[in-house]
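Asker: I have a structure I would like to understand better, so I am pasting it below and will then ask my questions one at a time.
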Amino acid sequence: MNNKDAIIAYAKKLVPFNESESIEFGDAFKEIRVKKRQFLIQPNFTAKSRYFVISGALRAYVIGEDGREHTIQLALEQWWISDYNSYIYQQPASMFVEALEECQLLEITYESEARLKAGNHHFETFFRILAERSVAFMQRRIINNLTQSAEERYESFMERYALFAHRFPQYVIASYLGMTTEFLSKIRNRRVKQKP
């Protein structure tokens, strides 16, 4: 299976594309390789694309006035990443999107996505479902951040995304969960001690 087949297979789980739709959809994406530590998006530059991860690990983050990094999004294989506010509204980005491993990505530009959606309701449905899932995910995340303790947030994260703990550095996970690396270390150490 080549990389275009991977995005087509992903999309067909959500919307029943026929053969010609599959080809048109796959052709809208461009394969790119990104080096570790390379930035795809930086603040004040408009995000022209969104990215589907074939291989690798990426994160999107902002830097607060105190200089601390706040990780907004993580992405591994079969996940999407961009600065969505910048991408959707075509205005300057507020986030960094950085590769934490060497990555193979499929890139779709704002213009290509708009053409797909304007030309076929199946494509529009696919991107609407992506948007709905993203909103639901972000809402769950906000609720967890507001209602759970740091330890509960970590437990919940590990239950759902244990693989992320092996692929992302501890400082990134701590930043994503809204805590310091030292505090995350204490939580992890407590968990190790509690195991029989």
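The values are calculated or read from the model by the stated rules, or taken from the named source; none is laboratory data. From a predicted model like this one, the values you see are computed outputs, not experimental measurements. Don't worry about glycine lacking a Cβ; one is built from the backbone with ideal geometry, like all the others, and counts go over all protein chains shown.
Asker: Before we move on, is residue 46 touching a Lys or Arg at 6+ places or on another chain (Cβ under 7 Å), farther than 17 Å from residue 117 by Cα and touching a residue at least 12 places away in the same chain (Cβ under 8 Å)?
Answerer: Taking the combined requirement at face value, the residue does not satisfy it.
Asker: Being more than 14 Å from the chain's Cα centre (by Cα) and more than 12 Å from residue 107 (Cβ to Cβ) is the filter here; which residues of segment 40-61 pass it?
Answerer: Matches in segment 40-61: 42, 43, 44, 45, 46.
Asker: Within segment 83-97, is even one residue closer than 28 Å to residue 170 by Cα, of a type in the set (Ser, Thr, Tyr) and buried (at least 18 other Cβ atoms within 10 Å of the Cβ)?
Answerer: yes
Asker: Now for a separate question. Name the residue, out of 112, 82, that is of a type outside the set (A, V, I, L, M, F, W, C) and under 19 Å from residue 135 (Cβ atoms).
Answerer: 82
Asker: For segment 118-196, please list each of the helices (runs of 4 or more DSSP H) lying entirely inside it that holds at least 1 residues being more than 18 Å from residue 73 (Cα to Cα), small (Gly, Ala, Ser) and modelled with pLDDT under 95.
Answerer: Output list reads 181-194.
Asker: Of the residues 156, 149, 175, which single one is in contact with a strand residue (DSSP E or B) (Cβ under 6 Å, 6 or more places away or on another chain) and among the small types (Gly, Ala, Ser)? Before the answer, list the steps.
Answerer: Values: 156 fails: in contact with a strand residue (DSSP E or B) (Cβ under 6 Å, 6 or more places away or on another chain); 149 fails: in contact with a strand residue (DSSP E or B) (Cβ under 6 Å, 6 or more places away or on another chain).
Sole residue among the options that is in contact with a strand residue (DSSP E or B) (Cβ under 6 Å, 6 or more places away or on another chain) and among the small types (Gly, Ala, Ser): 175.
Asker: Give 153, 141, 160, 128 a once-over and let me know the one that is exposed (fewer than 14 other Cβ atoms within 10 Å of the Cβ) and either touching a residue at least 60 places away in the same chain (Cβ under 8 Å) or under 19 Å from the mean Cα position of the chain (by Cα) (or both).
Answerer: Only one candidate qualifies: 160.
Asker: Please work out which residue is farthest from residue 37 (Cα to Cα), limiting yourself to segment 49-107 and to residues that are free of Cβ contacts under 8 Å to residues at least 12 places away in the same chain and assigned to a helix (DSSP H, G or I).
Answerer: Filtering segment 49-107 for residues that are free of Cβ contacts under 8 Å to residues at least 12 places away in the same chain and assigned to a helix (DSSP H, G or I), the one farthest from residue 37 (Cα to Cα) comes out as 89.
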